[in-house]
Each structure stands twice: as structure tokens, then as C-alpha cells.
Amino acid sequence: SLDFLDDVRRMNKRQLYYQVLNFAMIVSSALMIWKGLIVVTGSESPIVVVLSGSMEPAFHRGDLLFLTNFHDDPIRAGEIVVFKVEGRDIPIVHRVIKVHEKGNGNIKFLTKGDNNEVDDRGLYKEGQNWLEKKDVVGRARGFLPYVGMVTIIMNDYPKFKYALLAVMGAYVLLKRES
Amino acid sequence: LRKNVEDFTGPRERSDLGFVTFDITADILNRKNGLQTFRNKNTSIIFDWNVKQLFLYLSAEYSTKNNALNQVVLWDKIMLRGDNPRLSLKDMKSKYFFFDDGNGLKGNRNITLTLSWNVVPNAGILPLVTGSGHVSVPFPDTYETTKSY
């Protein structure tokens, strides 16, 4: 039965505004939590989804990683870093296998995916042999399996994304707090 | 944790390349300080309910004129839950080329090899643990030419 359509007809303007404001509060809170995470972790992208199988069997496509990027944290061999190649948007999650650090703190390092045969030099920019601190989005500190699959599905099947948003929107706008 | 090595060096493209052969004997245990465990302290409790695998790696750490700190991973291994936690490898060659950034290996008396591992949980924090025990390796002052490796 379509009770909710009756609900909509019965709502007056004040109730509608209230619902919209409620919705706006939820969206603002979510954004604040995200921004807060960015500040606390020091990383522009504190939560990333693993997109490829290059770090299997540790991480699989769809796993979620939690990053920190504290400026004073040194980069050391064995750490798992998330970096972006200059000019490309896609973050890559691999392990540091070589580090050369000068006395003044200048550091250059090489990465490799656990599941790859060769190091990442082929992925870097033309002529680039090393990564630097500025390329790092963050260091992987924690992880949750499978949870990130939702964003991958939403990317690959946009209709799913719109359907999900529509359902969420309808729920929030029509839910009545008694 | 014990390792033994012999070494040779060779110049390639103006950067020092080191060759190291090593033995590794390790017993991967993890005593969690301050936690009450109901198990016998002698059993290895590194592979608890939340550990999916360990990523082990042997890294060489040293200083050179060019760089205050250098770390090169020479060898790695994935140890899955259920694998034997006792390692006994002999006469291993390094998996990856031990290139220096420059010529800092020649005559370098103090290269420290350490075994460390990354604990990958089923879910949760990803710690890096360094094994106790390390070995210092000196490299000779001269280069060798075309040694078969």
C-alpha cells in the first residue's frame, strides 16, 4: 500500500521545511566528520579503497584502508604507502622497498606492489625514478576488508548509485519523527 | 634470530651493486607485553585470530657520503596463517638488486641487515615489527669484475 504518498499530501509547508533542514543537517555533519578526519590524519584522503590486486594476498580490490600522513613520520622500507603519480588522479597502494634519505631530510624512495614482479618505475612519470614525500597521500595504518566494494560498484554501475541516492533521499525526506 | 653473510661488490652504471648471500634462522614469536594470555608462553602467538598473514622482509640499512640513511629491501616473503613460523633458510641470494644511490657500498664497513615484518590483520591496525637480532656486514674496498651470480 502506498501510505507514504498519503503522508506527503498531509505534510504542510512547515513540516516540509523541517524535513529538508533535517536532511541538510545530516549532510553537513557527514562533511564535517570527513573534514575533521582530514585534519586529524594530515592526509587529503584519509580513507581509500584498494582498486587493484597488486597487493594481494594482503589487500584485495574493494578493501578499505585508513591512512595517516604526519609530516614528521619518516618513510621507511616495508611501509605501505598510498601515492599519486604526478599528473594522474588514481592513488596507488604499494610497499616501500628502497629509501635514500639525506641529512637535510630530503628523501627519495622506490615502491613495489607485493603481487607484482617488478618495482613501480614503470608506473612513475616519464623519466621519474623515485618518489618523494610530496607524492605521498598517506601511510596505511589500518584496514577493513570488503567494505570499499560499495564505492567500486557505484563507480562501475552508475545506475546503482542513482538508485541508492534516490532511496536515501526519499527515506530522509519522508521519514517522520513522531 | 641469526644470519650469516658473504659479500662481493660490482660497479654497474656508476652505482655500486652489492651481492649478499645469507642464511636466516628465525622463530617468529610475538610476546604482547602487558596482555594476559591464557596460553603457554612458549607457543608462538603471533598468528592469533586476527592475523591473516605476515609480510617478512630483510632490509639492509647503512649510511653513505651521499645519503645519511639508506634502506634497501633485499628479500621478502609472505607467510600466511598456517605456515610454519620457524624459518630456516640457507644460502639465499637477495631477491632484489642491491643498488646504492651512488658509490657508497665500496669500503662501507657497517651495513646492518634486519628482518622485519608487517602484520596484516583480518581487520584492524597494520603494525610493522622489527625482529630482535641483526647482523652487521662490511663490504670490501675493491670491486670484483664479472663474478657469476
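The values are calculated or read from the model by the stated rules, or taken from the named source; none is laboratory data. Because the structure is predicted, anything quoted here is derived from the model rather than measured. Counting neighbours? That spans all protein chains shown, and the Cβs are built from the backbone with ideal geometry, glycine included. What goes into the accessible areas is simple: the full protein's heavy atoms, side chains included, and nothing from ligands, DNA or RNA. Shrake-Rupley method; radii C 1.70, N 1.55, O 1.52, S 1.80 Å.
Taken residue by residue and averaged, Cβ atoms of other chains lying within 10 Å of the Cβ of B:71-78 number 5. Take the cross-link list A:Lys108/B:Lys65; A:Lys102/B:Lys52; A:Lys133/B:Lys65; A:Lys108/B:Lys95 and give me the ones stretching past 27 Å between alpha-carbons. Over 27 Å Cα-Cα: A:Lys102/B:Lys52. Beta bridges from DSSP with both residues in chain A: antiparallel share about 100 percent, rounded to the nearest 5. For chain A, the longest principal axis of the alpha carbon atoms and the long axis of helix A:158-174 meet at an angle near 40°.
Compute the Rg to Rh ratio over the range A:92-178 from the alpha carbon atoms, using the Kirkwood formula for Rh, and round to two decimal places.
Working: Rg = 20.9 Å, Rh = 17.1 Å.
That ratio is 1.22, to two decimals.
By the Kirkwood approach, averaging reciprocal distances over each pair of separate Cα atoms, the range A:1-151 gets a hydrodynamic radius of 18.0 Å. Compared with the dominant principal axis of the Cα atoms in chain A, helix A:13-41 is inclined by about 10°. Can you list the residues of the range B:90-122 that have at least 20 square angstrom less accessible area with all protein chains present than in their chain by itself, probe 1.4 Å? Residues meeting the cut-off: B:Tyr96, B:Phe99, B:Asp101, B:Asn118, B:Val120, B:Asn122. Taking both sides together, the accessible area buried where B meets A is about 2200 Å² for a 1.4 Å probe.
Which value, in debye to the nearest 20, gives the size of the charge dipole of the range A:5-139 about its Cα centre, when Lys and Arg are +1 and Asp and Glu are -1 at the Cβ?
Values: 19 positive and 18 negative charges, 107 e Å.
Dipole of the range A:5-139, to the nearest 20 debye: 520 debye.
The residue list A:Leu65, A:Val82, A:Pro158 was ranked by how far each Cα lies along the charge dipole of chain A toward its positive end, using unit charges on Cβ atoms, and A:Pro158 comes out on top. A Cβ-based charge dipole, computed about the Cα centre of the range A:68-119 with Lys and Arg at +1 and Asp and Glu at -1, lands at about 120 debye. The mean accessible area for residues of chain A, using a 1.4 Å probe and ignoring ligands and nucleic acids, is 62 Å² per residue.
Within the range A:47-101, the GluC sites (Glu not before Pro) that combine a DSSP coil assignment with at most 14 other C-beta atoms in a 10 angstrom radius are A:Glu86. Working from label points 7 Å from Cα in the Cα-to-Cβ sense, the A:Tyr146 to B:Lys93 distance is 4.3 nm. Dipole orientation for chain A: of the candidates A:Ser28, A:Asn116, A:Tyr146, A:Ser28 has the Cα lying most toward the positive pole (charges on Cβ; Lys, Arg +1; Asp, Glu -1).
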